[in-house]
Amino acid sequence: MPTSPHAAAHFLSPRHASTRHDGLAACLLADSVLCRCSKLSLPRLLAHATCREVDAGTVICQAGAPADTLYLLMAGSVRLVSPAGREVADTVTRFGEEAACGAQYYLNSAVATSAARLLCIPHGATASLVRDNPRLKTALLLALASQQAERPLVSVREAGAAGGAAGYRAHAVPGWLLTILLPLAVLAFGARLGVTPGGVIFLAIFSATIVMWVFSLLDDYIPVLFALLATVLTGLVPVPVVLSGFASDGFLMALSTLALGTVVVSSGLGYRAMLMMLHRLPNRQAWHNVGLLVMGLVLTPIIPTANGRVALLAPFYVDMVDSLKLRRQGKSATRMALTCFGGTSLFSAIFLTSKSVNFVVLGLSSPQAQDRFQWMGWLHAALVTGAMLLFLNCIAGAIWLRNGERGRLSVRRVAAQRAMLGPINTREWAALAGIAFMMLGIVTSSVHRVQPPWLAFAMLFGLLVCGTLDKTELKEKVDWTFLLYLSGMTGIVAAFNHLGLDRQLGAALPDLGAVMRDNFSLFAVLLFVLVNLLRLMVPTNATAVLLATILMPLANVSGVNEWLVGFMILLFSESWFFPYQCSYYLQLQAINLADPMYDEKRFLRFNAVLNGARLLAVLASVPYWKWQGIL
């Protein structure tokens, strides 16, 4: 017989145990946290739950005892007592959250203050529940912390709502109405444009897809899947044509590059490279900007998303402003913010692998153009444009944001960060080997005759075989929704060409085709204006894909290099004037709003003026493209 309540906590027998499920389901659904679990997980949980009745004064669970059960109060009252004897809560409806949060022991004792009936959930069942509902653990931890603090730290329902969906958007209703009405209008009047019946049906499908993009009714890849499904069901083109994107070179290249970028980031190689560069550069303001810019440019071809690059480089900007003790919202801090942002976004169209949508545009090109403008071919063709962009950006920054501030980066801090990383690990060596293999293979492709997409696929195979990229990373870190988007867009363009709509478009727009062919500089100016007008309403990727789908086939039938038109669309679609137009600037803006470091008005004015540098860079590249035989 135990001699104390503390020793007897887990050995006291309840008045009687019951496995009846009457009222158990209602108790689960009444709990403010558990009621938000998935509908499937709660019935599974009920199979493991039991009912227990205890007398007043019973110690239900003891502080310091193994946390093996989560309790819900069905009737009666229970109070929580700390190990020191202090009353933590005079009445609770749920306790023992430690069992679901992964804690080894209970933090408090639970004592029945009256006869009580409890719903008991064992640790194994709570572990499965947490796996099926990832947010549950956070909510239970907040509840447990609130008990310890003896006050609610956050409203559980508010926390759950914050993490949920943003709700139905105000523009959704007119967007969906237009999604229905515009295809009907195309079906009714499309024949008057001289388009074949099959072409009219396809244009109706594509018009609905465009409206979904423009109004952001769904994620970008879902309208593409709709277009594929509708095209297949209507039998307009053979299935192999519609699904050709899933067997394209662009799909292989994008998949392999995304996988390599995942390894570079998760292994820490990118972070190590940035620290090494900062450690070796001269400790002066101009060189600090150069270092930040070069770090962004190095990341650009490796990480195929501007959002990812900003997320990786922005902490360095914050650290540098703090370490150099720059004046908040001064010219020096603002110039460094522009350098950080420019380094991550300026060359998005210059490198093939710097942005996912670049692969989409490449996939819209002819097979000959795809062979020519792979990684090195793309860079070679865009070289002068990139150099002009960089030159204009640096000159404008040096003149507009010239200042006399002096700051010193803590070399010791950078050295300490490098020391904490330790020697290069196996995964970093594997990432380096993958990059070297890709670069060497592309440079020597004229010798071994293996196309870059297959080199990239071989690199991916090597990463998988060596275990450098595991199944979880391949499943969760690679952007499979983008790959669906890429393959779907390639299939849509293939269907567009199969139906002869590219030739009909060229015949319908003879003046634009003539301007494109006879006065390319004027066409560049017109395209720049058109893109910037569209960007006021349409997201970056949707703008690029929409215009590329229309203008690249027109370029092909007009005798103009289609890649060149696609490249200009990509370059111009990166222009933005207002924060809402640029998702990756919003990341930097959020950091600045939380702790103001740069002058946002000056930043936005500088960015607006520098948008014109994109047009100037294209016009300056025209002689180079003519010399290279591209134009």
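What the table shows:
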{"quantity": "Phi to ³J(HN,Hα) by Karplus 6.51 cos²θ - 1.76 cosθ + 1.60 over the stretch 98-115, Hz, x for Gly, Pro", "calculated": "4, 5, 8, 8, x, 6, 7, 10, 6, 8, 10, 8, 10, 10, 6, 8, 7, 4"}
{"quantity": "Between 0 and 90°, nearest 10: helix 540-557 axis offset from the chain longest Cα axis", "calculated": "30"}
{"quantity": "Full-stretch length increase - residue 619, residue 411 - with 0.36 nm per residue and alpha-carbon distance subtracted", "calculated": "70.7 nm"}
{"quantity": "Local electrostatic count at residue 481 - Lys and Arg +1, Asp and Glu -1, tallied over other residues with Cβ under 13 Å", "calculated": "-2"}
{"quantity": "Near-label residues of the stretch 553-576 by backbone N, under 16 Å of a point 7 Å along Cα→Cβ of residue 608", "calculated": "575-576"}
{"quantity": "Label-to-label distance, nm, for residues given as residue 515 and residue 148 (7 Å Cα→Cβ offset)", "calculated": "6.7"}
{"quantity": "For the chain, the fraction of alpha-carbon pairs in successive 10 Å shells from zero, as %", "calculated": "3, 13, 19, 20, 17, 13, 9, 4, 1, 0, 0"}
{"quantity": "Nearest-20 debye value, the chain charge dipole, Cβ charges on Lys, Arg, Asp, Glu", "calculated": "1380"}
{"quantity": "All lysines inside 22 Å of residue 137 as judged from Cα atoms, apart from same-chain residues fewer than 8 positions distant", "calculated": "39"}
{"quantity": "Residue 279 paired with residue 328, simple spin-label distance in nm, labels 7 Å along Cα-to-beta-carbon", "calculated": "3.2"}
{"quantity": "Residue among 356, 422, 389 farthest towards the positive dipole end of the stretch 335-424, charges placed on Cβ", "calculated": "422"}
{"quantity": "By average C-beta atoms within 10 angstrom, highest first, the peptides 481-492, 124-135, 206-217, 430-441", "calculated": "481-492, 206-217, 430-441, 124-135"}
{"quantity": "Two-site label geometry, residue 266 and residue 589: point separation in nm, points 7 Å out along Cα→Cβ", "calculated": "3.2"}
{"quantity": "Karplus 3J(HN,Hα) series, Hz, for the stretch 140-145 with 6.51 cos²θ - 1.76 cosθ + 1.60 (x for Gly, Pro)", "calculated": "5, 5, 4, 5, 5, 5"}
{"quantity": "Whole-Hz ³J(HN,Hα) from phi, Karplus 6.51 cos²θ - 1.76 cosθ + 1.60, for the stretch 66-71, glycine and proline x", "calculated": "x, 7, 10, 8, 9, 10"}
{"quantity": "At R0 = 60 Å, FRET efficiency that the Cβ-Cβ distance of residue 82 and residue 189 yields, to 0.05", "calculated": "0.20"}
{"quantity": "Under 12 Å, Cβ to Cβ, from residue 345 - net charge with Lys/Arg +1 and Asp/Glu -1", "calculated": "+2"}
{"quantity": "Value of [θ]222 nm, deg cm²/dmol, for the chain, DSSP H segments ≥ 4, -39500 (n - 2.57) each, nearest 500", "calculated": "-20000 deg cm²/dmol"}
{"quantity": "Length-normalised contact order for the chain - Cα pairs under 8 Å, 6+ apart - percent", "calculated": "14"}
{"quantity": "Gain upon complete extension [residue 601, residue 402; 0.36 nm per residue less C-alpha separation]", "calculated": "70.0 nm"}
{"quantity": "Tilt relative to the chain, helix 172-189 - C-alpha long axis, 0 to 90 degrees, to 10", "calculated": "40"}
{"quantity": "Ordering of 601-614, 381-394 by packing [mean C-beta count within 10 Å, highest first]", "calculated": "381-394, 601-614"}
{"quantity": "Acute angle (nearest 10 degrees) that the helix 269-280 long axis makes with the longest principal axis of the chain, alpha-carbon atoms", "calculated": "70"}
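Since every read-out is calculated from the coordinates, none of them should be taken as a lab result. Remember, predicted model here, so these are calculated numbers, not experimental data. No Cβ is skipped: glycine too gets one built from the backbone with ideal geometry, and neighbour counts run over all protein chains shown.
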